[in-house]
Every structure is written in C-alpha cells, then in structure tokens.
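The values are calculated or read from the model by the stated rules, or taken from the named source; none is laboratory data. A quick note: this is a predicted structure, and the numbers were derived from the prediction, not measured. Here Cβ is always computed from backbone atoms with ideal geometry, including for glycine, and neighbour counts include all displayed protein chains.
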Amino acid sequence: MPMSDKPPSSELPTPGAAGAASTSLSPASSARKNPWRDVWHVYTEAATLRMLLLGFSAGLPLLLVFGTLSFWLREAGIDRTTIGYLSWVGLAYGFKWVWAPLVDRLPIPLLTRWLGRRRSWLLLSQTIIMTALVAMALTDPKLALQPVVWCALAVAFGSATQDIALDAYRIESADPQRQAALAATYQTGYRIAMIWAGAGALWIAARSEVVDGAVYQHGAWQTAYLVMAASMLLGMATVLFSPEPLRRELPPSKNAADWLKSALIDPFADFLRRYGKQALLILALIAVYRISDVVMGIMANPFYVDMGYTKDEVAAVTKIFGVIMTLVGAFMGGALAMRFGVMRVLMLGAVLSAASNLLFAWLGTRGHDVNALILVISADNLSSGIASAAFIAYLSSLTNVNYSATQYALFSSMMLLLPKFLAGYSGKYVDAFGYSHFFTATALLGLPVLLLVWLASRTKVPQTQ
C-alpha cells in the first residue's frame, strides 16, 4: 500500500502543466537558468528518488530480449543473420501506441480499485515480464528456438506496457520544471538495470558453469535468467509502496463511439492542433534521434563474442566502468538540461552517440584488447546517458497531461520503430561487409539527426494555455 494518500505538493502537476513543459523547447526560455542549488536539490525529492527504482524495473527487460539474448544465442551457435532478424521482437515497443489508449483509460477489474489506474497497469505488466522470463529460462534455444522467441515477445509486450504506464506515472508525478531531473534519475535506474541485465547476467552465467571447457551450457543461462526474473520484484515492491498520482477525472463517455474518440483520436488530434506544421519536424526528429545507438546495439554482444572476449571480461568492464559512466552521463544530462535548456543537450547527445559508434569500429582493429574495450564501453555509456536524459525530458515536454500515456507512447514508439526495423538487417550487413564497415555506417546514420535538432531548436513552440 502507498505510504501516503497523495504525493507531496512538489510532486503534483501545476495548473499550467496540462499541456507540455514547452518552456524547455522555446529558444528564449531555454536561456533562462536555474540556480545550481535548485538544480541539485531536486535529486533529493521523493518523486525523483522513486524514479530511480521504477527506472530499474523498466530497464531490466530490454537487454534480456536484445543484447544479453544475442550473446546467449550466439554462444548457442545461432547465426548472426538469424540473431539480427530476432531483434524484430523489439517492434513491440514500436507499436505500443496501439494499446496505449487502453492503458491510459481502461481500468483493470479489482486491481485498479485497489491501486489506482497507473499503478495497477504497472503491477500487471511487471507480472507478465517476470512470468515470461521464468519461461524463457526453462527453454534451451539450441534445442528449440521458437519457444524462446515467443517468450521474448511476451517479455517485450509486458515491458512496452510497463513503459506506457510508467511514462504516464512519471509525467503526472511532478511539475514540468522537474521533468529533466525525473528523466535523469529514471535513466540512471534504467541504465543500472541494463548493466545488471547485461554484465550481471553474463557474470551469473559465467559463475554458474559446471562443465570445464564446454563452450555452451544451458544450465548457466537458466540460472542467470531466473535471477533476472526475481529482480523484477524490486519494481513490484516500489509500485505497492508508492502513491498514485493525483487522479484526473475523465469526462464520461456517452457511448462506445464517444469512448473510442476520446481514447484513440483526441490524443493525436491534440498534438497536431497544438503544434500544427511544426508537428512534422518534431515527429521526424523523434523517429531518428536514437537511430545510431539502436541499429548498432543489436550486434555489440555478437561482436564481443567474435572478438574473443569472455563473459567475465565483458561483465567486469561493463559492471565497473559502465556503471560509473552511466551515472555520470545521466546526471550530467539532467543537470545540463535544467541549466542550459533541453535542446542544447539534445544536440550534444546526438553528436556523442554517433561518435561513440566510431570507437567500436576502432575497437575492431585492436584484436583482443581489454583496455580498448574499457575505453569504448565507458564512452558509449557516457554518451548514451547524456542523450537519453535530454531526450526523455524533450519527449515529456511535448505531452499534454490529459493524454500523457497515449501521447508519450506515440513518441517513444516512433523513436524505436524505424531503428528497430533497420536493426533487423544488422546481422546480414555484418556478414556481408564486416563489423568495422557496419559500425562506421551506423555513425553516419546520426548525421541527419544533427540537422533536425538544429531546425527544431530554431522553431518557436507555442505555449499551451
């Protein structure tokens, strides 16, 4: 049960927050600077700290159906082209806007009455994730790949649903000025979970091997995935002990057609009405901002395997240097966005994300070089932390709190749809041209992003009344 009936006043949406934190998007308002004391104090508030734990719950499933799974599959002898195609499981994230209106408005029998609309959907989705991870752990892809794919789809569906509910919960839990800080702590928890689901899972699998000299042992991966499933309990406990955001009374629907209009059409119409012609530019930026990272990411772990790095080496480097640079990047991104405005940090993140992919191309020329691996993983985590914190704040600023779940789901779905589709061909591309050429090509994919950020920063976004 929640510790209080309602969140502290500092966590409640302000009356003027019904639209967006568009102050962060306007060039004039971006220049307004908050005192450093206020910038750092926001990280001690309850809503901000809560996002650290919920961010962990959100970040845990991602690598378990992408990077870590690709390491497992490659070790089990699955070819790179197949691994690349299996990344299309992630298209579930790209289409979550389809069922987002249901998460936004549909109550869950009994559960919603007990926990509220946001927390009930969070708990349900977390239960789906944990159950599917247990099922995945009990299946050996070397013997039967199809059941693993179905389990991965269930994890991705549950994770995407959790994202819908959690994004709405985050946006509704604090005023617009605090969204960058919430995004930073959310990203910190998210990235720590990714390290646990990546390095942690590899470390557990390595420690669980019982047959000396065996290249592949399913029992080791089974143990790792069962531990990952148990890790979802942290997010579930956080949901149970967190307050529900201030409830918004929705106007009653006269009939089914009226409900469908308010749930499906109005959220999208509201966005187009508020931004007009600028909506196309904004949607284009959202669609390609993370393209370099996402397309490259699916081949990172197969690359480590093919370069001869062991599970222990990848886990140790990611666990130490990945954690440090993730924390530094996320907090830097959040603090810089509050201090200098989201758009400037968005540009910085775009540059760093593309540049870090070139480091992977360089790593491919070094052979089995652990020191070079440390440098590349550190730079990649730093740039990703900065870019993600700024991008989440940017997406949050575009939403109308009356449609927060649906609109944010649309934005975050668009962020992944094109990159995940292209990522499906990453294994085939590597087989044809090699890793070095692939990593360089993914860096070049980031060049149009720089132009779109520059154009968006020059566009004056109207204030929402």
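Residue under question is Ala76, and the condition is that it be at pLDDT 85 or above, surrounded by fewer than 24 Cβ atoms within 10 Å (Cβ to Cβ), among the hydrophobic types (A, V, I, L, M, F, W, C) and under 20 Å from Tyr304 (Cβ atoms); does it hold? Considered against the rule, which asks whether it is at pLDDT 85 or above, surrounded by fewer than 24 Cβ atoms within 10 Å (Cβ to Cβ), among the hydrophobic types (A, V, I, L, M, F, W, C) and under 20 Å from Tyr304 (Cβ atoms), Ala76 comes out as yes. The requirement of being modelled with pLDDT under 85, basic (Lys, Arg), loosely packed, with under 15 Cβ neighbours inside 10 Å and in a helix (DSSP H, G or I) is not satisfied by Arg113.
Tell me whether segment 138-151 contains one or more residues that are hydroxyl-bearing (Ser, Thr, Tyr) and over 21 Å from the mean Cα position of the chain (by Cα). Walk me through it before giving the result.
Of segment 138-151, the ones hydroxyl-bearing (Ser, Thr, Tyr) are 139.
Right, trim to over 21 Å from the mean Cα position of the chain (by Cα) and you get 139.
Yes, there is a match, as at least one residue in segment 138-151 is hydroxyl-bearing (Ser, Thr, Tyr) and over 21 Å from the mean Cα position of the chain (by Cα).
Is there a residue being under 21 Å from the mean Cα position of the chain (by Cα), within 23 Å of Met343 (Cβ to Cβ) and in contact (Cβ under 8 Å) with a residue 12 or more places away in the chain anywhere in segment 294-314? The answer is yes, given that some residue of segment 294-314 is under 21 Å from the mean Cα position of the chain (by Cα), within 23 Å of Met343 (Cβ to Cβ) and in contact (Cβ under 8 Å) with a residue 12 or more places away in the chain.
Of Ala379, Ala337, which residue is closer than 17 Å to Leu182 by Cβ, buried (at least 18 other Cβ atoms within 10 Å of the Cβ), touching a residue at least 24 places away in the same chain (Cβ under 8 Å) and of a type in the set (Gly, Ala, Ser)?
Values: Ala379 fails: closer than 17 Å to Leu182 by Cβ.
Within the list Ala379, Ala337, the selection yields Ala337.
Which of the residues belonging to segment 413-432 are aliphatic (A, V, I, L, M) and closer than 24 Å to Leu283 by Cα?
If the condition is that a residue be aliphatic (A, V, I, L, M) and closer than 24 Å to Leu283 by Cα, then Met414, Met415, Leu416, Leu417, Leu418, Leu422, Ala423 are the ones that fit.
In segment 139-211, counting only helices (runs of 4 or more DSSP H) that sit wholly within it, the ones holding 2 or more residues that are touching a Gly at 6+ places or on another chain (Cβ under 9 Å) and among the hydrophobic types (A, V, I, L, M, F, W, C) span 145-172, 179-195.
Considering segment 30-73 alone, what residues qualify as being assigned to a loop (DSSP other than H, G, I, E, B), farther than 25 Å from Met343 by Cβ and either aliphatic (A, V, I, L, M) or at pLDDT 85 or above (or both)? Matches in segment 30-73: Val65 only.
Looking at this structure, is Ile324 in a helix (DSSP H, G or I), surrounded by fewer than 20 Cβ atoms within 10 Å (Cβ to Cβ) and in contact (Cβ under 8 Å) with a residue 24 or more places away in the chain?
Values: in a helix (DSSP H, G or I): yes; surrounded by fewer than 20 Cβ atoms within 10 Å (Cβ to Cβ): yes; in contact (Cβ under 8 Å) with a residue 24 or more places away in the chain: yes.
Criteria met by Ile324.
The residue of segment 291-310 that is modelled with the lowest pLDDT, among those that are surrounded by 24 or more Cβ atoms within 10 Å (Cβ to Cβ) and assigned to a loop (DSSP other than H, G, I, E, B), is Ile298.
All conditions but one from (1) at pLDDT 85 or above; (2) within 30 Å of Asp258 (Cβ to Cβ); (3) assigned to a helix (DSSP H, G or I) apply to Thr131; the one that does not is (2). Thr365 falls short on exactly one of the conditions (1) of a type outside the set (D, E, K, R); (2) in a helix (DSSP H, G or I); (3) closer than 21 Å to Ser292 by Cβ; (4) over 18 Å from the mean Cα position of the chain (by Cα), and that condition is (2).
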